[in-house]
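The values are calculated or read from the model by the stated rules, or taken from the named source; none is laboratory data. Just so we're clear, the structure is a prediction, and the values are computed from it rather than from any experiment. Glycine also receives a Cβ, built like all others from the backbone with ideal geometry; neighbour counts cover every protein chain displayed.
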Amino acid sequence: MRGTTLSPPNNCWQPITQNVPTNQSKRSNNPIQFLQFSNKKNQAHPLPSLAVKPSQTQSPLTPISGTNPPLVVVGSANADIYVEIDRLPKEGETISAKTGQTLAGGKGANQAVCGGKLSYPTYFVGQVGEDAHGKLITEALENGGVCLDRLTAVASAPTGHAVVMLQPDGQNSIIIVGGANMSCWPETFSDEDLGIVRIAGIVLLQREIPDSVNIQVAKAARNAGVPVILDAGGVDAPFPQELLNFVDILSPNESELHRLTGLPTESFEQISQAVVKCHKMGVKQVLVKLGANGSALFVEGEEPLKQPAISAAAVLDTTGAGDTFTSAFAVALVEGKSRNECLKFAAAAASLCVQVKGAIPSMPDRKSVLDLLHSI
């Protein structure tokens, strides 16, 4: 299949040649070069500031220009088949589910919808099959405000899907069938194909698509000076060193960090030692998601930044919470926020996510996140 292309589309958000001066593009330890963007109708898209408590900052809430370069998510799209169970079945055992339903999901689609619902211009680059599940995902992405010019429907593979076994405490176990996510990609992307990556403000990757795709995208982004965040979730296989070489921020949870390093991650001290091994692998920044214990950002040579979890009124479903956290962190980062602000914004988004069942249906909008931040 040669239909997938990563070149800039002819609608949605378009680059303008004028650049924002360099001294305005480096804020709060975030050296991201900003390009100026407009949409196809040249309409402004003001975004509320991420200031946590306006009364405690030097300036009040002010609109963020809608000319920021886009978030580009290259990744997976799945139909999530939910079954609610009292407990996981034992080997050879059959149990009955309380309920079952199919919802749109997949780590890439989740992260893209999160970006769109946070009112940030977002592209999704991925593949679905020409089937009912593909239509379900496409509709969910559109409703989430995601630009789909780079979404491809392939005839030779079904849409990826996952079986999500949801337990009463909100925890889940997931089995993934790759489908179109893992096949039919071009073997080699042309220079023109990678155009959308080069004009991105930040690129989000995960491991539910082939490593070869991630490597090409990450390399193109690095060569263009575009930051890359790699969510470590997905296939349980060794990380190619070539991929890690082009990653700016690696974002695992504790179990993924354990699998990557082979080291225990049961305490913060152990997590810190595992992160040191990641640094030795070439990743300078590691964003660790710690579930109910919050998160921590480790930058090589600096003290880690810790962010406690923001309490949720009720935890109904943790599916998609990690994707929400990573995407919200990326949005705040590309908007030029400090690392502490990025962590807090992401924590608030994840707190809202776990209070709703489903992955994409649980993604919060920007106003809800800001309202939560202003209330604490």
If you go through GLY358, GLY301, GLY322, the only one that is touching a residue at least 24 places away in the same chain (Cβ under 8 Å) and at positive phi is GLY358
Checked the stretch 221-248 for anything of a type in the set (Gly, Ala, Ser), without any contact (Cβ under 8 Å) to a residue 40 or more places away in the chain and surrounded by fewer than 24 Cβ atoms within 10 Å (Cβ to Cβ); matches are ALA224, ALA237
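Among the candidates SER173, SER190, SER183, which residue alone is under 20 Å from the mean Cα position of the chain (by Cα) and of a type in the set (Gly, Ala, Ser)?
Just one listed residue meets the conditions, SER173.
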* Asked: For GLY179, are the conditions met, namely being touching a His at 6+ places or on another chain (Cβ under 8 Å), at pLDDT 95 or above, crowded, with 23+ Cβ neighbours inside 10 Å and small (Gly, Ala, Ser)?
  -> yes
Of the residues in the stretch 353-368 that are part of a helix (DSSP H, G or I) and under 16 Å from the mean Cα position of the chain (by Cα), the one that is nearest to GLY291 (Cα to Cα) is CYS353
Filtering the stretch 225-242 for residues that are closer than 21 Å to GLY201 by Cβ and of a type in the set (A, V, I, L, M, F, W, C) leaves a count of 4
Among the residues of the stretch 294-350, the number that are of a type in the set (Phe, Trp, Tyr) and farther than 17 Å from LEU373 by Cα is 1
Query - Residue in the stretch 149-159 that is within 25 Å of VAL369 (Cβ to Cβ) and under 24 Å from the mean Cα position of the chain (by Cα) present - result: no
Subset of the stretch 337-356, residues buried (at least 19 other Cβ atoms within 10 Å of the Cβ) and either at pLDDT below 95 or more than 23 Å from VAL226 (Cβ to Cβ) (or both), comes to LYS344, ALA347, ALA348, ALA350, SER351, LEU352, CYS353, VAL354
Can you find even one residue in the stretch 318-331 that is touching a strand residue (DSSP E or B) at 6+ places or on another chain (Cβ under 7 Å), surrounded by fewer than 24 Cβ atoms within 10 Å (Cβ to Cβ) and within 17 Å of ASP231 (Cβ to Cβ)? yes
Exactly one of LYS280, LYS367, LYS284 is out of contact with any Pro (no Cβ under 6 Å at 6 or more places or on another chain), closer than 20 Å to GLY201 by Cα and surrounded by fewer than 16 Cβ atoms within 10 Å (Cβ to Cβ), and that residue is LYS284
The condition of being within 18 Å of the chain's Cα centre (by Cα) and charged (D, E, K, R) holds, among GLU335, GLU302, only for GLU335
Note on the stretch 292-329: residues closer than 23 Å to ASP365 by Cβ, out of contact with any Gly (no Cβ under 7 Å at 6 or more places or on another chain) and in a helix (DSSP H, G or I) are ALA321, ASP323, THR324, PHE325, THR326, ALA328, PHE329
The number of residues in the stretch 231-274 that are closer than 21 Å to GLY294 by Cα, assigned to a helix (DSSP H, G or I) and among the aliphatic types (A, V, I, L, M) is 4
Flagged in the stretch 125-161 as among the aliphatic types (A, V, I, L, M) and crowded, with 23+ Cβ neighbours inside 10 Å, in numbering order, are VAL125, VAL128, ILE137, ALA140, LEU141, VAL146
